[in-house]
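First comes the structure, then the notes that go with it.
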Amino acid sequence: MRRTTVRLLAAGILLVTGATVAPAAADVIEPTTAVRAPALPSKAPAGALDATGYWTAEKLRNAIPADLPASASPAKQGSSTSSGIASDPVAPKGHKLANDAVPSTAGKLFFTDNGLNYVCSASTINNSYKNLIITAGHCVHSGAGGAWHSNIVFAPAYYNGQSGYGLWNWSQARTFNSWINSSDFTHDQAFVTLQQRNGSNLIDAVGGNGLVWGNGQNQPGTRIWGWPAEPPYNGEVPYYCDGDTYAWGGSDAALTCSMNGGASGGPWLKDRIDANLGYVFAVTSRRTTSGTPTLLSTPNTPDVKTMFDQMTT
């Protein structure tokens, strides 16, 4: 029997095409494309919340929750023949574990699309670069007929208008060509590298989750983090849903959960070592249109591992 709980916690762009890493014989790897952020100003404006001076408390507060796309039909994708661990979780530098009431390894992702400011969710991923997050593809690019987003910043441990770790400006965003060209929800994943903040690396400051790929749709003990921002939620505090995921059609995993817009891109964690840290095997992509509220995601495929390997700057 599946058990699910939801708890409120107190407390100018350069296109970069992706090289394809040789896959296993039975896996066909989907190519990716990336964009780089404009260079940061030599000095941030006085009183600025981020290095560009774009974001203000009012803009953060009024950011529109990115729509969590509705899906009445399951996504379908060919099965993978490989699986593995791309990286292991790591606690913040100088700390063994990170059992904070508000997760430091997850947060809100703010961005601009077509002149309007929006917000998704995202989480940190440990790698050698130490400044990497994962989110949904639709949180960095609008999909078919759309464009790349701009002014991307990550606010880890966001709570009631503040991030105890500040805002981290983006360096590069990358997602799948099939998302960019066709809004393919089996490839609704993206990575974003961030620039250092005050000379510090993100993962050293807040910790980093591990990343796995090739996992099945049925994952016991899953935790999904997100910052839902549509009624009855307000986007100011994190929520999580706990439970056992189950198969939803061809390739989706599903978990009963009422989170809505703003929760897109939040991590699906397995094999957690504490409240904050675990292995991300999927990110929130869509929700059902009727019946019991349910979140949907295609678990990370070898394509995601290939894209992870490209995120070095």
Exercise. Any residue in the range 208-219 that's modelled with pLDDT of 95 or more and open to solvent by less than 10 Å² (accessible area, probe 1.4 Å): show its pairings with residues that are polar (S, T, N, Q) and in a strand (DSSP E or B) at Cβ separation under 8 Å, as long as the two are six or more apart or on different chains.
Key: 208/87; 208/124; 209/123; 209/124; 210/87; 211/87
Practice problem: May I ask you to list the residues in the range 132-180 that are within 16 Å of residue 55 (Cα to Cα) and surrounded by 23 or more Cβ atoms within 10 Å (Cβ to Cβ)? | Solution: 149, 152, 153, 154, 155, 156, 158, 167, 168, 170
Quiz item: residue 66 passes all but one of (1) open to solvent by less than 60 Å² (accessible area, probe 1.4 Å); (2) more than 18 Å from the chain's Cα centre (by Cα); which number fails?
Solution: (2)
Quiz item: Across the range 261-303, which residue is nearest to the chain's Cα centre (by Cα) among those that are β-branched (Val, Ile, Thr) and within 15 Å of residue 139 (Cβ to Cβ)?
Solution: 283
Practice problem: Collect the residues in the range 101-120 that are part of a loop (DSSP other than H, G, I, E, B) and either modelled with pLDDT of 90 or more or surrounded by 19 or more Cβ atoms within 10 Å (Cβ to Cβ) (or both), keeping them in residue-number order. | Solution: 102, 103, 104, 105, 114, 115
Exercise. Find all pairs meeting these conditions: Cβ atoms under 6 angstrom apart; at least six residues apart or on different chains; first residue within the range 224-240 and part of a loop (DSSP other than H, G, I, E, B); second residue surrounded by 24 or more Cβ atoms within 10 Å (Cβ to Cβ) and of a type in the set (Ser, Thr, Tyr).
Key: 227/121
Self-check item: Residues (open to solvent by 10 Å² or more (accessible area, probe 1.4 Å) and within 17 Å of residue 295 (Cα to Cα)) located in the range 187-207
Solution: 187
Self-check item: Subset of the range 293-308 that is touching an Asp or Glu at 6+ places or on another chain (Cβ under 6 Å) and not in a loop (DSSP other than H, G, I, E, B) - its residue that is nearest to residue 213 (Cα to Cα)
Solution: 302
Practice problem: Inspect the range 258-277 for any residue being surrounded by 24 or more Cβ atoms within 10 Å (Cβ to Cβ) and farther than 24 Å from residue 110 by Cβ and give the result as yes or no. | Solution: no
Self-check item: Positions within the range 69-100 being part of a loop (DSSP other than H, G, I, E, B), open to solvent by 50 Å² or more (accessible area, probe 1.4 Å) and either modelled with pLDDT of 70 or more or among the aliphatic types (A, V, I, L, M) (or both), in sequence order
Solution: 72, 83, 88, 93, 94, 95, 97
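The values are calculated or read from the model by the stated rules, or taken from the named source; none is laboratory data. This structure is a prediction, so every number in the text was calculated from the model and none was measured. All Cβ positions, glycine included, derive from the backbone under ideal geometry; neighbour counts span all protein chains shown. What goes into the accessible areas is simple: the full protein's heavy atoms, side chains included, and nothing from ligands, DNA or RNA. Shrake-Rupley method; radii C 1.70, N 1.55, O 1.52, S 1.80 Å.
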